[in-house]
Structures are given as structure tokens and as C-alpha cells.
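In what follows, a structure is listed as C-alpha cells, so that the remarks can point back to it.
The values are calculated or read from the model by the stated rules, or taken from the named source; none is laboratory data. Here the structure is a predicted model, which means the values were calculated and not measured. Reconstructed Cβ throughout: ideal geometry from the backbone, glycine too, with neighbour counts over all protein chains shown. Accessible surface is based on the protein model in full, side chains and every heavy atom, while ligands, DNA and RNA are left aside. Shrake-Rupley method; radii C 1.70, N 1.55, O 1.52, S 1.80 Å.
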Amino acid sequence: MAEKVCGKAYGKINIGLDVLRRRPDGYHEVKMIMQTVDICDELEMELLDTDEIVIVSDTSAIPNDQNNLIYKAIMKFREATGETAGVKISLTKRIPIAAGMAGGSSDAACAMRLYNKLTGHHLPLTQLQQIGVKIGADVPYCLQGGTALSEGIGEILTKLPTPPACYIVIGKPDISVSTKFVYENLTLNEKTVHPDIDGMRACISSGDLEGICSRLGNVLETVTVTEYPVIAQIKELLLTERAKGALMSGSGPTVFAIFDREETAKKAKERLANSGLVKDCFVTGFIDCQEEA
Ligand code: ATP
């Protein structure tokens, strides 16, 4: 049995996000296109002689106790399997926090994969996903990664081809947005403009980057952009810098923009970094997949 394992937890963006309805149980039925980007946290997990779960991270911005999603993931795995092995997890955090990039869900997914490996259970991906949805709606996707259509509450996943190569500028303003607040304040009615997720899916299948960029849409912008106008300012700056399209990711406040040329993307990132509108910004790209389960 291996004593220590390492893994990467990648962030995601939503290139399309629609909410279809609020279910009677309070969950929202979504239709989203998820895409892994090349920004990741790193996890190192080692076995302990006790049954403790110890989390050490390089940031004080997230809890290190039972409220950390890594802790919750291991507990859910234990409940499902009867496993009791204690572990120490060292987390290096690079995905912006409370940003709409599923950093916590991705850490949870990675922790499940590592614990699965370290304890020798080797549960298949589908079973990890069934456990993962109990931690959060984005966890099943984070276990799989790549490009995917996500439906239901996020647990019905259809793998899609990777969109054409392009350059992504990501900017996060110095605010944190609560996903709960955004969903609670979302109004869905006959005036709601729903993004064209089916059209987006067709453009991904045919490798049509222009078509993808013209269909970027996120119904949650109606809540978050109204609350935080800086998001609209970031989008405008990136579009002025010749982005092919720009959108808020998830419940925000992170904004991403798609460029077809690296030079243009790097220049836009520099302007954004110097604008005073963001705290973090990156140039990155789409990547295909998470690591093996
Ligand atoms: P999503 O896109 O899934 O809505 P998010 O990117 O908006 O997620 P996260 O970075 O996952 O947000 O963080 C949401 C909250 O979860 C934070 O307030 C944080 O305190 C808590 N949290 C618990 N564990 C973690 C973790 N390992 N990494 C980040 N946040 C965590």
C-alpha cells in the first residue's frame, strides 16, 4: 500500500450556465457547459497511524477543520466504504477562493481520488461520483474534468469534445461571492434570457470557436453583475482588448475572456492587471481531463 500520494485539483469555468427551474426540494435544475482550465491546487496525502484527518494549507482564507471540503469528502468516502485510515493532507491553494471556479469542489474531488488510491479501495469513477454529489453539485464533474454538459443538479454529465485551442484570460476582483446568495436571489420568469446551451454544444462538436464565443451566456450574471458592477467593467475592458467573448464564471465574480492569439491575450492580461479592477489574473488555456481516479 502506498504511504503518500500527490494530485492536482483543477479549476473550472462555465462557458454556458442556465438554470431551468427551482425544484420543490430547493435545489436548482441546471444546464451548464463546464470546462477545466489549467489552474490548479496541489494536494499531497499521507497515511497517519491514527484515524485523524489533518489538513495543512498555505492559506488562512479557508478553514482547515471539518468545514473544509477535503475533510467532508474523506468523511463521505469513509461512510460509503467503512474505511477509517487517518491522513494528513497538505494543500497548496492557487485557484481563487469563492470565485465561481469550483476550487473547493475540485479539492474535494482530488481528495477522494487520493484517499481511494492510498487506502487501496480503487472504487470506479461512477461510484466516486455518487459519493461526491453528497458533498456538492460540482463534485461529480470535478472528478471527471474536461469539457462536459452538466444537467440535473449537476450530477448528470455528458462528456463533450475539447473546444478548439485558444487563450483564456481570467480575472477575479477583490470580492468573494456566496453561491447560496446568488441562487437565492435569482428570479426566473418569462423575461429571463436563457443562454443557447444546445447551440453551444453543437459549436463545440463542430470545433467552431467563433460560434462558441458568440453564445457565451450565464443566467446568474443577472444577480451577481447587478450586485457588483465591477464584473461588467472587467468584461468591457477585456472586450475592448479584442477578446472574442467574455463571461462571468459560475456564480462569480471571476470573469474569463477567450482570445484566439496568445499575444493579444497577454496584452489584455497586462492591462487588466494594471487596471485596479482585479486582485488575481492569469492567462491560461482549456485542458482535457483530471488525473486518473
Ligand atoms: P463553485 O464554483 O463550486 O460555486 P466557488 O469557486 O464559488 O465554488 P470555493 O472556492 O469552492 O467557491 O469556496 C466556497 C467556500 O467554501 C469558501 O467560502 C470556503 O471557505 C469554503 N471551502 C471549504 N473548503 C474549501 C477548499 N478546500 N477550498 C476552497 N474553499 C473551501
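Checked against the criterion of being open to solvent by 70 Å² or more (accessible area, probe 1.4 Å), in contact (Cβ under 8 Å) with a residue 24 or more places away in the chain and within 30 Å of residue 276 (Cβ to Cβ), the candidates 205, 178, 214 yield just one match: 214.
Scanning segment 233-249 for residues that are out of contact with any Ser or Thr (no Cβ under 7 Å at 6 or more places or on another chain), open to solvent by less than 10 Å² (accessible area, probe 1.4 Å) and either under 18 Å from residue 30 (Cβ atoms) or free of Cβ contacts under 8 Å to residues at least 12 places away in the same chain (or both) returns 247, 249. In the set (1) assigned by TED's automatic domain parsing to the domain that holds residue 72; (2) closer than 14 Å to residue 11 by Cβ; (3) not small (Gly, Ala, Ser), residue 127 fails one condition alone, (2). Within segment 62-100, the set of residues being under 16 Å from the mean Cα position of the chain (by Cα) and either more than 25 Å from residue 37 (Cβ to Cβ) or more than 10 Å from the ligand (Cβ to nearest atom) (or both) comprises 94 only. Check segment 257-264 and report whether any residue there is open to solvent by less than 60 Å² (accessible area, probe 1.4 Å) and within 21 Å of residue 102 (Cα to Cα). Taking every residue of segment 257-264 in turn, at least one turns out to be open to solvent by less than 60 Å² (accessible area, probe 1.4 Å) and within 21 Å of residue 102 (Cα to Cα). Kindly indicate whether any position in segment 86-96 is hydrophobic (A, V, I, L, M, F, W, C) and loosely packed, with under 15 Cβ neighbours inside 10 Å. No; the residues of segment 86-96 include none that is hydrophobic (A, V, I, L, M, F, W, C) and loosely packed, with under 15 Cβ neighbours inside 10 Å.
In summary, residue 23 fulfils each of the numbered conditions (1) within 16 Å of the ligand (Cβ to nearest atom); (2) in contact with a strand residue (DSSP E or B) (Cβ under 9 Å, 6 or more places away or on another chain) with the single exception of condition (1).
Just one of the listed residues (229, 253) is crowded, with 21+ Cβ neighbours inside 10 Å and not small (Gly, Ala, Ser), and it is 253. Where strands (runs of 3 or more DSSP E) fall entirely within segment 191-293, those with at least 3 residues that are within 30 Å of residue 111 (Cβ to Cβ) are at 280-284.
Exactly one residue out of 49, 38 is in a strand (DSSP E or B), open to solvent by 60 Å² or more (accessible area, probe 1.4 Å) and away from the ligand (no atom under 14 Å from the Cβ): that is 38. With respect to (1) among the β-branched types (Val, Ile, Thr); (2) modelled with pLDDT under 95; (3) open to solvent by less than 10 Å² (accessible area, probe 1.4 Å), the lone exception for residue 170 is condition (2). Please tell me if residue 203 is modelled with pLDDT of 95 or more and farther than 18 Å from residue 254 by Cβ. Yes.
Note on segment 52-71: residues that are of a type outside the set (Ser, Thr, Tyr), open to solvent by less than 30 Å² (accessible area, probe 1.4 Å) and assigned to a strand (DSSP E or B) total 2.
The criterion of at least 2 residues that are surrounded by 24 or more Cβ atoms within 10 Å (Cβ to Cβ) and within 13 Å of the ligand (Cβ to nearest atom) is met, among helices (runs of 4 or more DSSP H) falling completely within segment 103-160, by 103-118, 139-144. Looking at the structure I just gave you, is residue 16 closer than 27 Å to residue 246 by Cβ, crowded, with 24+ Cβ neighbours inside 10 Å and at pLDDT below 95? For residue 16, the condition - closer than 27 Å to residue 246 by Cβ, crowded, with 24+ Cβ neighbours inside 10 Å and at pLDDT below 95 - is not met.
So that you can scan it fast, the table gives a plain yes or no per residue for (1) under 24 Å from residue 121 (Cα atoms); (2) charged (D, E, K, R); (3) in the same structural domain as residue 139 (by TED's automatic domain parsing):
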residue: 10; (1), (2), (3): yes, no, yes
residue: 15; (1), (2), (3): no, no, yes
residue: 22; (1), (2), (3): no, yes, yes
residue: 27; (1), (2), (3): no, no, yes
residue: 30; (1), (2), (3): no, no, yes
residue: 34; (1), (2), (3): no, no, yes
residue: 39; (1), (2), (3): no, no, yes
residue: 46; (1), (2), (3): yes, yes, yes
residue: 52; (1), (2), (3): yes, yes, yes
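So is residue 74 open to solvent by less than 10 Å² (accessible area, probe 1.4 Å) and closer than 20 Å to residue 134 by Cβ or not? Yes; evaluated as a whole, the condition is true for this residue.
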